[in-house]
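Presented below is the structure to which this report refers.
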Amino acid sequence: MKLPSHPKRERYPMPDFIHDALAANDLTAAYDARPPYQRNDYIGWITRAKRPETRQKRLQQMLDELARGDAYMKMSYRAKR
């Protein structure tokens, strides 16, 4: 059996609370400018949190990273021009 060279990641739908937080913080454009895998990873990471306070902490980290524009999941990030 031949494995695909790039396994498919599960695609996560955008929950209303994340959409609303992006809009409220004027970060929708910054979010949309990120590569699709980053957007999907953020949603999956946030929504997999079991406790509401963990979900909120992760959401805030994403918002902070988008606002600064220099990080992705606590790793250095620089947008391609």
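The values are calculated or read from the model by the stated rules, or taken from the named source; none is laboratory data. This is a predicted model, so every value here is computed, not measured. FYI the Cβ positions are ideal-geometry reconstructions off the backbone, even for glycines, and counts take in every protein chain you see.
Going by the conditions given, is Met14 modelled with pLDDT of 95 or more and outside any helix (DSSP H, G or I)?
Details: modelled with pLDDT of 95 or more: yes; outside any helix (DSSP H, G or I): yes.
Judged against the criteria, Met14 is a match.
I need a count of the residues in the range 60-81 that are on the phi > 0 side of the Ramachandran plot and not aliphatic (A, V, I, L, M). So that I can check it myself, show each step before the final result.
From the range 60-81, those on the phi > 0 side of the Ramachandran plot are 69, 73-74; that's our starting set.
Still in the list and also not aliphatic (A, V, I, L, M): 69, 74.
Number of matching residues: 2.
Mind listing whichever residues of the range 17-35 are exposed (fewer than 14 other Cβ atoms within 10 Å of the Cβ) and in a loop (DSSP other than H, G, I, E, B)?
Listed by number, the residues that qualify are Asp26, Pro35.
Identify, from the list Gln56, Gln38, Gln60, the residue that is within 9 Å of the chain's Cα centre (by Cα) and surrounded by 10 or more Cβ atoms within 10 Å (Cβ to Cβ).
Values: Gln56 fails: within 9 Å of the chain's Cα centre (by Cα); Gln60 fails: within 9 Å of the chain's Cα centre (by Cα).
Only one candidate qualifies: Gln38.
If I ask for residues that are in a helix (DSSP H, G or I), over 24 Å from Lys80 (Cα atoms) and of a type in the set (A, V, I, L, M, F, W, C), which ones from the range 36-58 would you list?
The first filter runs over the range 36-58 and keeps only residues in a helix (DSSP H, G or I), leaving 36-47, 52-58.
Of the ones still in play, those that are also over 24 Å from Lys80 (Cα atoms) are 46-47, 52-58.
Listed by number, the list holds a single entry, Ile46.
List the residue pairs whose Cβ atoms are under 6 Å apart, where the first residue sits in the range 67-80 and is within 17 Å of Lys57 (Cβ to Cβ), the second is at pLDDT 95 or above and surrounded by 13 or more Cβ atoms within 10 Å (Cβ to Cβ), and the two are 6 or more positions apart or on different chains.
Ala71/Glu65; Tyr72/Gln38
Is it true that Pro7 is out of contact with any Lys or Arg (no Cβ under 6 Å at 6 or more places or on another chain) and either at pLDDT below 95 or among the hydroxyl-bearing types (Ser, Thr, Tyr) (or both)? Give the steps one after another, and end with the answer.
Values: out of contact with any Lys or Arg (no Cβ under 6 Å at 6 or more places or on another chain): yes; either at pLDDT below 95 or among the hydroxyl-bearing types (Ser, Thr, Tyr) (or both): yes.
Considered against the rule, which asks whether it is out of contact with any Lys or Arg (no Cβ under 6 Å at 6 or more places or on another chain) and either at pLDDT below 95 or among the hydroxyl-bearing types (Ser, Thr, Tyr) (or both), Pro7 comes out as yes.
For the range 63-81: of the residues being closer than 19 Å to Thr28 by Cα, outside any helix (DSSP H, G or I) and hydrophobic (A, V, I, L, M, F, W, C), which is nearest to the chain's Cα centre (by Cα)?
Of all residues in the range 63-81, those closer than 19 Å to Thr28 by Cα come to 63-73, 77-81.
From what is left, the residues that are outside any helix (DSSP H, G or I) are 69-73, 77-81.
Right, trim to hydrophobic (A, V, I, L, M, F, W, C) and you get 71, 73, 79.
Values: Ala71: 11, Met73: 8, Ala79: 15 Å.
That would be Met73.
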